[in-house]
1. Can you give the FRET efficiency for residue 165 and residue 51, using 1/(1 + (r/R0)^6), R0 = 35 Å, r = Cβ-Cβ distance, to the nearest 0.05?
2. Please work out how much length the chain gains when fully extended from residue 60 to residue 81, using 0.36 nm per residue of separation minus the C-alpha to C-alpha distance, in nm with one decimal.
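A short reminder: the numbers here are calculations on the coordinates, not readings from a lab. All values reported here derive from a predicted model rather than from experimental measurement. Please note: Cβ atoms are built from the backbone with ideal geometry, for glycine as well, and neighbour counts cover all protein chains shown.
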């Protein structure tokens, strides 16, 4: 039956089941059923970007930049023998001690290549580094405007998509 449905569009499946196209897409992705499309070979510039950014930026964000599913990104990183984890150096710890108490992580994360925001938060917790008093009292807007414009627009897009998905789920 799955092979039969793979040839159908989401709208056609929804019509047969009495559901909307969006409802079918959400349910299909929830069950891990992706449209069966032939794999697209990886280009050299994609491999280069993956080598440069894997582990330094969020995997979902990188997958969106490369227009690939996150699973394909992780599989290609494994194939290229790229690792997310490596021991923290003394220099990286010093950067963390200098910037973490008073600066939003995405602003100084470029100083820590191959480290995700989550890695940075975890390492700061392990080292016992806490946010400074001024940072804690600053408003979200002040911290948010420290982000690069591209990241701000991506955050805004993410929040809009989340709200729309919640609206769709509430209707069904």
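1. On the way: r = 32 Å, r/R0 = 0.93.
Result of the calculation: an efficiency of 0.60.
2. On the way: separation 21, 0.36 × 21 = 7.56 nm, distance 1.90 nm.
5.7 nm is the gain from fully extending residue 60 to residue 81.
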